[in-house]
Amino acid sequence: MFISLWEFFYGHFFRFWMKWLLRQMTGKCELQRIFDTYVGAQRTHRIENSLTYSKNKVLQKATRVVQSEVDKCVDDIMKEKNINPEKDASSIRRGLIPFLCSQHCFKICMKMCLLQITGYKQLYLDVESVRKRPYDSDNLQHEELLMKLWNLLMPTKKLNARISKQWAEIGFQGDDPKTDFRGMGILGLINLVYFSENYTSEAHQILSRSNHPKLGYSYAIVGINLTEMAYSLLKSEALKFHLYNFVPGIPTMEHFHQFYCYLVYEFDKFWFEEEPESIMYFNLYREKFHEKIKGLLLDCNVALTLKV
């Protein structure tokens, strides 16, 4: 209750007067002060919060603007906050703005932040759209993608039939893999193929390790499970610090796939380090790994990239 009261008073009273006082002292609005003080994800995150909680309608709308209107939105913000681009640039030339921000004027910094903020929202919509698309065995592209996965993982072994017990060799549960894609749709298959195609040697290594007599697990099923983990982290906005640091612009599906690859590689290491007694404990260790990743993502300087 105390926290709720503090948030109410801070949002409605204290924050307004604090911003007013700082503006009188520095001659700069909150957005300018953020650009002067912070870099990376911390900068974008604070800009996002400042815009979101602003009482100004122009600033509030900025986090929901479409990417094609970002330039106009930046101009509207500068007009609303009475920020003169020429004055801002002259301040940079005179060295009045710290070096980390002196490389870009307000307009460029704000545009980059808005591209990251709106790009994250669009990325979620794109991922969700693919996730909702079920695997369709009558769709030739889906079938070709599934066969591509087999050929990438088992290049020296021919698949005898489309419906076959051989699929278990790469970690599917049944004779027809399409039933395993129900939770994540075609997104699960796209991620599996992406990792196998872009990190082929690592995929072969992990597939081999997944057949360990004691610590083995179902490679494809775990891969689909990790797609769900990546999706849930994106949906909950836990990936913001990572993507704001990792992508100096608009995050795309490519960046989502890259994060998935990081999860696959790190989960395999985590699994063998933990040495579970049985695959029956998978959910327990999966949640433990999930909590570990969420903890890493709380760091405003985080950038989780696969390094091999």
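The values are calculated or read from the model by the stated rules, or taken from the named source; none is laboratory data. Since the structure is predicted, the reported quantities are computational estimates derived from the model, not experimental observations. Neighbour counts run over all protein chains shown; Cβ positions are idealised from the backbone, glycine included. Protein only, heavy atoms only, side chains kept; ligands, DNA and RNA dropped before computing areas. Shrake-Rupley method; radii C 1.70, N 1.55, O 1.52, S 1.80 Å.
Things to note:
- Between the range 241-298 and the range 161-182, the Cα center-to-center distance that results, in Å: 24 Å
- Extension reserve of the N56-E228 stretch, reckoned as 0.36 nm per residue once the Cα distance is removed: 58.2 nm
- When you filter the trypsin sites (Lys or Arg not before Pro) in the range 126-225 for DSSP loop state and at most 16 other Cβ atoms inside 10 Å of their Cβ, you are left with K132, K157, K158, R162, R182, K214.
- Whichever lysines have a C-alpha closer than 20 Å to that of K132, once near sequence neighbours (fewer than 8 apart) are set aside: K121, K178, K235
- Accessible area per residue in Å² at 1.4 Å probe, computed on the range 204-255: 41 Å²
- Probe 1.4 Å - accessible area at S129, Å² to nearest ten: 60 Å²
- Evaluated at q = 0.16, 0.22, 0.27 Å⁻¹, the base-10 log of the normalised Debye intensity for the range 134-199, with identical point scatterers placed on the Cα atoms, takes the values -0.48, -0.95, -1.46.
- Rounded to whole Å, the principal axis extents of the Cα atoms in the range 206-308 read 45, 22, 22, largest first.
- Entries in K28/K61; K57/K292; K157/K269; K214/K307 that, when Cα-Cα distance is taken, lie over 29 Å: K57/K292
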